Amino acid sequence: DHNRDMFRQGRFPDGFIWSTATASYQIEGGWNVDGKGESIWDRFSHTPGKVDRGDTGDVACDSYNKYREDVQLMATLGLKYYRFSLSWTRIFPDGTSASGPNEDGVAYYNNLINELIRNGVTPMVTLYHWDLPQNLQDTYGGWVSEAIVKHYTDYATFVFQTFGDRVKYWITFNEPWVVCYIGYGTGEHAPGIQDERNSTYLCGHNILKAHANAWHTYDKNFRASQGGQIGITLNSDWAEPRDPDLDADVTATDRYLQFYLGWFANPIFSVDGDYPIVMKETVLAKSQAEGLRESRLPQFTQEDVDFIRGTSDFFGLNHYTTRIIEDNVVVGATPGYSNDRDIAQYTAPEWSRAESEWLYEVPWGLRRLLNFIKLNYGDPEVLVTENGRSDGDVTPPVMDDTNRICYYMTYINEVLKAIEEDGVKVRAYTAWSLMDNFEWARGYTERFGLYYVDFNDLNRPRTPKQSASFYSDIIANNGFPEGADVTRTAESMW
Ligand code: GBH
């Protein structure tokens, strides 16, 4: 029973990166000020019925105005790194370089970056955390069209040129799986397209191309002069077979992981590149069974494969939870990403659930996933770019957030084991999130912050939860060294 794994004392390697993350649409607000264009999340949240309680990111945490205060929160925590994302439409209001750059939007990010650096905080910048320019959605259908690859590349080139003298860590995309499956498949996220059959796969195809274009642009034109690193952040749950003695379940579990992480990791990080073989074979067979002549999974040319392979300087990983997988063929099911996998998923009764209905606490899943990455994707340097736990929006607010402390403590301890016992090259850990923010389709009903934000107060005051000082202690001690208070606390909670 891996829930009873031992607690491990010890420090993280020198120079280990401790960070927190946010994303533009989730915190900035200022959705239509100073020349900013409309994004698909502006449109989506303004459409009745799409977000719980009708919440929007119009004001969010008001970080567009309160960024100096945010940087002070980081300084208080002793944070040396901060991961945030750029709003594309603040820079190019209609998504194309013909429409910009919008000087006020550029100034906002210059101010934020300079304020971070003045306070000893290294910026880690995500170019795309889901807020696509609405114009690119309207004109081309968004990520289903290869036409937007060029616009993304123009945007990337501009931000490298403009901010790259000070930004040394770039992340091209946050979680393409979510963009393509939840945005273009289930439609629970913007732009709300429900087409798992084709759009989900087309989206993935174009994001992989856009990512590779941005990486090559940086590599060729900016790396030598700017000396930064550029990679991608993928999300994945870990998975275990329902019956480990049943071949069908073991194979189904691998299929689940290949369709999840492998979909994007295999083209970028594997030796041969391209989509996972099992994904190509399965979607082709499913397509043929429907009477189609070609697979619904688009094909890369050998030139594409070579262009995409090897285009990441690190493996950015967002991880939250684990699933139990069973082989399961649904006869007569609507063809598409979900059903192409032929799986059923479960959780274990002993796993405690966070406020988010998908988020079960399974710390050892992170260690296994890190080992899976080491084994399958060439032992890359891994940056954990998100990990965290939600509370509900309850009165009075939960400030002594023991559950979150426990989550961070156990998951971070598993990262330490992965480094020391398994030799996984984990270089960073990032808590999601610095503060409570707009939790996408859940609006403000789920809170992931180290800082509490009062969304009923126009000033959006931030108040530290207990987990803020706990995380701060971990950072100050660089882990759990023998004799430290934080180590005693951790051991007593384990
Ligand atoms: C991250 O995604 C995001 O990067 C971040 O912006 C967000 O605030 C944070 O998580 C917390 O949610 O039940 O099939 O619809 C996390 C990965 C993957 C979590 C999809 C929710 C729902 C799967 N997400 N998952 S499903």
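Along the Cα-to-Cβ line of residue 52, 7 Å from the Cα, sits a label point; which residues in segment 431-455 have backbone N less than 13 Å from it?
Counting only backbone N, you get 437-448.
Which FRET efficiency, nearest 0.05, do residue 9 and residue 330 yield, Cβ-Cβ r, R0 35 Å?
On the way: r = 47 Å, r/R0 = 1.35.
Taking R0 as 35 Å, the efficiency between residue 9 and residue 330 is 0.15.
Using the Kyte-Doolittle scale, find the helices of the chain whose mean hydropathy is at least -1.0 and whose Cα atoms extend 20 Å or more along the helix's long axis, counting only whole DSSP H runs.
Details: long enough: 63-77 (21 Å, -0.73); 103-118 (22 Å, -0.37); 147-163 (25 Å, 0.36); 199-221 (32 Å, -0.76); 363-376 (21 Å, -0.02); 402-420 (27 Å, 0.00).
Membrane-span-like by this rule: 63-77, 103-118, 147-163, 199-221, 363-376, 402-420.
Let a ≥ b ≥ c be the square roots of the eigenvalues of the Cα gyration tensor of segment 204-277; is it rounded (a/c under 1.5), or, if not, prolate (a/b larger than b/c) or oblate?
On the way: a/c = 3.64, a/b = 2.89, b/c = 1.26.
Since a/c reaches 1.5 and a/b is larger than b/c, the shape of segment 204-277 is classed as prolate.
So what is the orientation-averaged projected area of segment 233-383, using the convex hull of its C-alpha atoms, in nm²?
Working: hull surface 40.2 nm².
Its Cα hull, projected and averaged over all orientations, spans 10.1 nm².
Can you tell me what percent of all Cα-Cα pairs in segment 335-494 are more than 22 Å apart? List each step's numbers first, then the result.
Values: 6399 of 12720 pairs.
Distances greater than 22 Å cover 50 percent of the Cα pairs.
In segment 418-482, which GluC sites (Glu not before Pro) fall in coil by DSSP and have 10 or fewer other Cβ atoms within 10 Å?
Here the GluC sites (Glu not before Pro) that fit, given the DSSP loop and packing criteria, are 482.
For segment 295-350, what size does the Cα cloud have along each of its three principal axes, sorted from largest down, in whole Å?
Answer, in whole Å and largest first: 43, 32, 14 Å.
For the chain, what is the calculated [θ] at 222 nm in deg cm²/dmol (nearest 500), taking -39500 (n - 2.57) for each run of four or more DSSP H residues and dividing by its residue count? All intermediate terms of the calculation are to be shown ahead of the outcome.
Working: 18 runs with 192 residues, N = 494.
Taken over the chain, the calculation gives -11500 deg cm²/dmol.
For segment 141-290, what is the Kirkwood hydrodynamic radius in Å, using each pair of distinct C-alpha atoms?
Averaging 1/r across every pair of different Cα atoms and inverting gives 16.9 Å.
Over the residues of the chain, compute the C-alpha Rg and express it relative to 2.2 N^0.38 Å. Display every interim value, and only then the final one.
Details: Rg = 21.5 Å, N = 494, 2.2 N^0.38 = 23.2 Å.
For the chain, the normalised Cα radius of gyration is 0.93.
Largest first, what is the accessible-area ranking of 352, 85 with a 1.4 Å probe? Mind dumping the intermediate values first?
On the way: 352 55, 85 0 Å².
Highest to lowest solvent-accessible surface, that is 352, 85.
Go ahead and run the numbers for FRET between residue 458 and residue 110, Cβ-Cβ distance against an R0 of 30 Å, rounding to 0.05.
Calculated value: 0.70.
Find how many whole Å separate the alpha carbon centroid of segment 192-270 from the alpha carbon centroid of segment 385-406.
For segment 385-406 versus segment 192-270, the Cα centre distance is 29 Å.
Number of Lys pairs in the chain with C-alpha atoms less than 16 angstrom apart, excluding same-chain neighbours closer than eight positions? Don't jump to the answer; show the numbers that get you there.
Details: 80/168; 150/209; 168/220; 374/417; 374/425; 417/425.
Within the chain, the lysine pair count is 6.
Of 256, 269, 314, which is farthest along the charge dipole of segment 235-325 in the positive direction, counting Lys and Arg as +1 and Asp and Glu as -1 at C-beta?
256
Please report the orientation-averaged projected area of segment 1-52, defined via the convex hull of its C-alpha atoms, in nm².
So the Cα hull casts an average projection of 8.4 nm².
Cysteines without a disulfide-compatible partner in the chain, using Cβ under 4.7 Å as the rule?
Flagged as lacking a Cys partner: 61, 406.
Expressed as a whole percentage, what fraction of the accessible surface of segment 294-385 belongs to carbon and sulfur atoms when a 1.4 Å probe is rolled over the protein heavy atoms? Before the final figure, lay out the partial values.
On the way: 1790 of 3890 Å².
Whole-percent figure for carbon plus sulfur exposure: 46.
Taking 0.36 nm per residue of sequence separation and subtracting the Cα-Cα distance, how much length would be gained by fully extending the chain between residue 118 and residue 402, in nm to one decimal? Before the final figure, lay out each step's value.
Working: separation 284, 0.36 × 284 = 102.24 nm, distance 3.30 nm.
Result: 98.9 nm gained on full extension.
Under unit Cβ charges (Lys, Arg +1; Asp, Glu -1), what dipole magnitude, rounded to 20 debye, does segment 257-388 have relative to its Cα centre? Before the final figure, lay out each step's value.
Working: 11 positive and 20 negative charges, 42 e Å.
Value, rounded to 20: 200 debye.
Once you charge only the Cβ atoms, +1 for Lys and Arg and -1 for Asp and Glu, what is the size of the charge dipole of the chain about its Cα centre, to the nearest 20 debye?
Values: 44 positive and 71 negative charges, 197 e Å.
Computed charge dipole of the chain: roughly 940 debye.
Starting from the Kirkwood Rh over alpha-carbon pairs, what translational D in µm² s⁻¹ does segment 58-160 have by Stokes-Einstein at 25 °C and 0.890 mPa s?
This corresponds to a translational diffusion coefficient of 167 µm²/s.
In whole percent, how big is the carbon plus sulfur part of the accessible area of segment 8-166, probe 1.4 Å, protein atoms only? Present the calculation step by step, with values, prior to reporting the outcome.
Working: 2550 of 5470 Å².
Here it works out to 47 percent.
Using a 1.4 angstrom probe, figure out how much accessible area the chain has per residue, in square angstrom, rounded to the nearest whole.
On the way: 18380 Å² over 494 residues.
Dividing the accessible area of the chain by its residue count gives 37 Å².
Summarise the long-distance tail of P(r) for segment 437-494 by giving the % of C-alpha pairs beyond 15 Å. Spell out each step's value before the answer.
Numbers: 989 of 1653 pairs.
The proportion of pairs with Cα distances above 15 Å equals 60 percent.
Relative to the Cα centre, what is the charge dipole magnitude of segment 31-132, using +1 at the beta carbon of each Lys and Arg, -1 at the beta carbon of each Asp and Glu, and rounding to the nearest 20 debye?
Computed about the Cα centre, the dipole is about 360 debye.
The values are calculated or read from the model by the stated rules, or taken from the named source; none is laboratory data. These figures come from a predicted structure and were not determined experimentally. Note: ideal-geometry Cβ built from the backbone for every residue, glycine included; neighbour counts use all protein chains shown. We work out accessible area using only protein heavy atoms, side chains counted, and drop any ligands, DNA or RNA first. Shrake-Rupley method; radii C 1.70, N 1.55, O 1.52, S 1.80 Å.
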